[in-house]
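The values are calculated or read from the model by the stated rules, or taken from the named source; none is laboratory data. Being a predicted model, the structure only gives us computed values, none of them experimental. Cβ placement follows ideal geometry from the backbone for every residue including glycine, while neighbour counts extend to all protein chains displayed. Note: areas computed on protein heavy atoms with side chains; ligands, DNA, RNA excluded. Shrake-Rupley method; radii C 1.70, N 1.55, O 1.52, S 1.80 Å.
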Amino acid sequence: MKRTDFYREQAEALLAFIDASPSPWHAVETVKQQLHAHGFSPLDEKIEWDLMAKGRYYVVRGGSSIVAFIVGHEPLVERGFNIIGAHTDSPGLRVKPNASSIDAGLLRVGVEVYGSPILATYADRDLSLAGCVSYRDEDGTINNKTVLFEKPLLRLPNLAIHMNNKVNDEGLKLDKQTALPLILATVEDVLPESLQFKELIAAQSGLCGSAILSWELCSYDTQQGTLWGLNDEFLASSQLDNLASCHAAVAAFLNDEVMASSATKVCAFFDHEEIGSESTKGASGSFLPDVLMRIGESMLAGKESYFRALSQSFMMSVDMAHAYQPSFSWAYEPKHRVSVNKGPVIKVNANQRYATDNIAEAMCVDWCHQAGVPVQKYSHRTNLGCGSTIGPIVSAKLGIRSVDLGNPMWAMHSLRESAGVNDHGDMIKMMRQFFQH
Ligand SMILES: [Zn+2]
């Protein structure tokens, strides 16, 4: 298998993007840095927007969801919005408010399960914490700050096989309440005040402990992403679901030709997909409809024109797909085995767990052909429940035709997921084609 520099460069850029984004708040910060480097201006939802044709803007809601857009120079009423949607969150373990507990001289951090991680993959990993902290300023206002512990800080040691001799037959079973608290320290080794978890956050964030009011912290894997395989044809990292899709969309969006193209282009990355999207900043909330409506208020003659623009719009809902793994051949639909490094995957489900309809599917196949990119089609096994994503939620809310697609990957929701180098570059090429259509 031969790859050009483009594929390897994009794969390495993806791994760096994920390494810099250990929480949804950090993912939004990473995206913001790239937008700033390309001349994008921040918009505040509290302040009136005065948008200009060809203007480049972004809006953040709740620190962990972001919508970026470029106002096209062709009439919005005729071209509509070209939207790519993805999500910034990944399943995992989140720190509880009263986090500290001591058992047999070990200080442990209590965690809640966020979404549906494969819990066994958290055992014996070099974990740490990242997220955001809310604190009271000197003038009394409440502010948010991202916080990141870079060194391995926490661990969930496995139970030795001598006490769990059926583990290879029955799998590792973890009681969510009693087994998941993560070991942080031996009590003898810490100062009495750092028994308060808040003091640990204060020391790391540079804030005064008494000013800290609340936090949302995710455990993350400190092991960096890597290429692997005989010819470096694969990549492995945490959070490929769904930061790989966010990165591909940003890499497509910030291309010079794409940015100069005539249509109004939108990237919308939402938090809370893994827990159902029902929140102010989730895909089911008002964030994207509000932003599109406000773009319409600036660029269109009135509501009639806005609805005409929506009817001309298209959304790609991009989320990862399940690649065939020969060790588990029984789990796949035999006629819809999608393979790593064989191209982006269009997801189809008659029960609308995916938003794809036949016209959206046809349009997406066409963009793949135009971009010179292979394309695959996925249908879930009929006797297994099918997952879902933001596509059906957003398309129903806005009435915008959508396709659900994503790159094939292994071990979705493992702490260490893997995917194909070629697929990532091919997804970017196809997205560039879409944005310019
Ligand atoms: Zn996902």
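Points worth noting:
- Residue list for region 114-143, restricted to those being in contact with a helix residue (DSSP H, G or I) (Cβ under 8 Å, 6 or more places away or on another chain) and exposed (fewer than 15 other Cβ atoms within 10 Å of the Cβ): S116, D137
- Checking A99, A160 one by one, the residue that is over 30 Å from I428 (Cα atoms), among the aliphatic types (A, V, I, L, M) and surrounded by fewer than 16 Cβ atoms within 10 Å (Cβ to Cβ) is A160 and no other.
- From D404, D423, residue being within 14 Å of the ligand (Cβ to nearest atom) and open to solvent by less than 10 Å² (accessible area, probe 1.4 Å): D404
- Taking each residue of region 390-418 that is under 22 Å from I118 (Cβ atoms) and looking for partners that are of a type in the set (F, W, Y) with beta-carbon atoms closer than 8 Å, six or more apart or interchain, yields I390/F270; P408/Y324; L415/Y122; E417/W410; S418/W228; S418/F234; S418/W410.
- Test: residue in region 19-33 that is in a loop (DSSP other than H, G, I, E, B) and within 13 Å of V250 (Cβ to Cβ): yes
- Residues considered: L184, L217, L243, L148. Of these, the only one that is more than 19 Å from I18 (Cα to Cα), touching a helix residue (DSSP H, G or I) at 6+ places or on another chain (Cβ under 9 Å) and buried (at least 17 other Cβ atoms within 10 Å of the Cβ) is L184.
- Search result, residues across region 226-275 that are assigned to a loop (DSSP other than H, G, I, E, B) and not polar (S, T, N, Q): G229, L230, D232, E233, L254, A263, D271, H272
- Some residue of region 312-331 being surrounded by 15 or more Cβ atoms within 10 Å (Cβ to Cβ) and assigned to a helix (DSSP H, G or I): no
- Once region 260-282 is narrowed to residues that are of a type outside the set (G, A, S) and more than 13 Å from the ligand (Cβ to nearest atom), the residue that is most open to solvent (accessible area, probe 1.4 Å) is E278.
- Residue in region 169-183 that is in a helix (DSSP H, G or I), over 30 Å from F40 (Cβ atoms) and either modelled with pLDDT under 95 or not assigned by TED's automatic domain parsing to the domain that holds F287 (or both) present: yes
- Residue within region 363-376 that is at positive phi and either open to solvent by 60 Å² or more (accessible area, probe 1.4 Å) or within 16 Å of the ligand (Cβ to nearest atom) (or both) present: yes
- Of everything listed in (1) within 15 Å of the chain's Cα centre (by Cα); (2) away from the ligand (no atom under 16 Å from the Cβ); (3) of a type in the set (D, E), the single unmet condition for E233 is (1).
- Among the candidates R294, R337, R353, R308, the residue that is at pLDDT below 95 and either assigned by TED's automatic domain parsing to the domain that holds E45 or open to solvent by 10 Å² or more (accessible area, probe 1.4 Å) (or both) is uniquely R353.
To keep it simple, each residue is scored yes or no on (1) touching a Leu at 6+ places or on another chain (Cβ under 6 Å); (2) outside the structural domain of K281 (by TED's automatic domain parsing); (3) among the basic types (K, R).
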site: V28; (1), (2), (3): no, no, no
site: K54; (1), (2), (3): no, no, yes
site: A68; (1), (2), (3): yes, no, no
site: N82; (1), (2), (3): no, no, no
site: A104; (1), (2), (3): no, yes, no
site: L119; (1), (2), (3): yes, yes, no
site: S128; (1), (2), (3): yes, yes, no
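- T141 touching a His at 6+ places or on another chain (Cβ under 8 Å) and more than 16 Å from the ligand (Cβ to nearest atom): no
- Yes/no for S238 being polar (S, T, N, Q), away from the ligand (no atom under 16 Å from the Cβ) and open to solvent by 10 Å² or more (accessible area, probe 1.4 Å): no
- Beta carbons closer than 6 Å, at least 6 apart along the sequence or on distinct chains, pair a first residue in region 309-327 that is more than 16 Å from Q239 (Cα to Cα) with a second that is among the charged types (D, E, K, R) and within 16 Å of the ligand (Cβ to nearest atom) for S317/D404.
- Exactly one residue among G372, G385 is modelled with pLDDT under 95 and not polar (S, T, N, Q), and that residue is G385.
- Of everything listed in (1) under 16 Å from S23 (Cα atoms); (2) crowded, with 17+ Cβ neighbours inside 10 Å; (3) touching a Cys at 6+ places or on another chain (Cβ under 9 Å), the single unmet condition for T222 is (3).
- Failed criterion for V250 (all others in (1) open to solvent by 40 Å² or more (accessible area, probe 1.4 Å); (2) away from the ligand (no atom under 16 Å from the Cβ); (3) under 18 Å from the mean Cα position of the chain (by Cα) hold): (1)
- Checking each residue in region 382-401 for being within 15 Å of the ligand (Cβ to nearest atom) and among the small types (G, A, S) picks out G387, S388, G391.
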